[in-house]
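One structure is given here, and the rest of the page talks about it.
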Amino acid sequence: MPLIKSETVSAKNKAGGKGEIQITHLLTPAEMLGQCKMFAKVTIPVGASIGAHYHYGDSETYHILQGKAKYNDNDKFYEVNAGETTFCPDGSMHGIENIGEEDLIFIAIIITTPAHN
């Protein structure tokens, strides 16, 4: 089985959020065969965020590995912690902000809605 080389990119003010985040792409688009748009590890420093944004033609899941966050689910806010998972279905809006005292780290996967393949 071949090892997959990941690529890390920085994003400032992602979706209108605060600060700079790191996105480590774990699979390339070619490896996802059009079924997923992203499979990545995301690191958000203390006080930084990904702004609220909509998903059309796909859904996004976050699985929190480390830290504490305020999660925006269609303008309803929840605290999420390590071990918890969020889901933003097609046509919905979400965002996330690190409210803890350490980096917020999570796995993010964006899956294409079958009707949009």
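The values are calculated or read from the model by the stated rules, or taken from the named source; none is laboratory data. Every value quoted in this text rests on a predicted model; they were computed, and no experiment measured them. Cβ placement follows ideal geometry from the backbone for every residue including glycine, while neighbour counts extend to all protein chains displayed. For the accessible areas, the whole protein counts, side chains as well, though only heavy atoms, and no ligand, DNA or RNA atoms are used. Shrake-Rupley method; radii C 1.70, N 1.55, O 1.52, S 1.80 Å.
Worth a mention:
- When each of the peptides 78-85, 89-96 is scored by how many other beta carbons lie within 10 Å of its residues on average, the order from highest to lowest is 89-96, 78-85.
- Average accessible surface area per residue within the range 1-80, 1.4 Å rolling probe, Å²: 60
- Take the Cα of Tyr54, step 7 Å toward its Cβ, do the same at Asp75, and the gap between the two points is 1.3 nm.
- Computed over the range 13-88, Cα set: Rg, Dmax in Å: 12.9, 35
- Normalising the average separation of contacting C-alpha pairs (under 8 angstrom, six or more residues apart) by the number of residues puts the relative contact order of the range 1-48 at 34 percent.
- Applied to the range 36-45, the Karplus parametrisation 6.51 cos²θ - 1.76 cosθ + 1.60 on θ = phi - 60° returns per-residue 3J(HN,Hα) values of 10, 9, 7, 9, 8, 9, 10, 10, 10, x Hz, with x for Gly and Pro.
- With the helix formula -39500 (n - 2.57) applied to DSSP H stretches of n ≥ 4, the chain reaches a computed 222 nm mean residue ellipticity of -500 deg cm²/dmol.
- Neighbour-limited loop hits for chymotrypsin sites (Phe, Trp or Tyr not before Pro), the range 1-77 (at most 13 other Cβ within 10 Å; DSSP other than H, G, I, E, B): Tyr56
- Cleavage-rule hits (trypsin sites (Lys or Arg not before Pro)) in the range 2-66: DSSP loop, at most 14 neighbouring Cβ within 10 angstrom: Lys5
- Once the chain from Glu102 to Glu7 is taken as fully extended at 0.36 nm per residue, the excess over their C-alpha distance is 31.9 nm.
- The accessible surface of the chain, taken with every protein chain in place and a 1.4 Å probe, is 56 percent carbon and sulfur.
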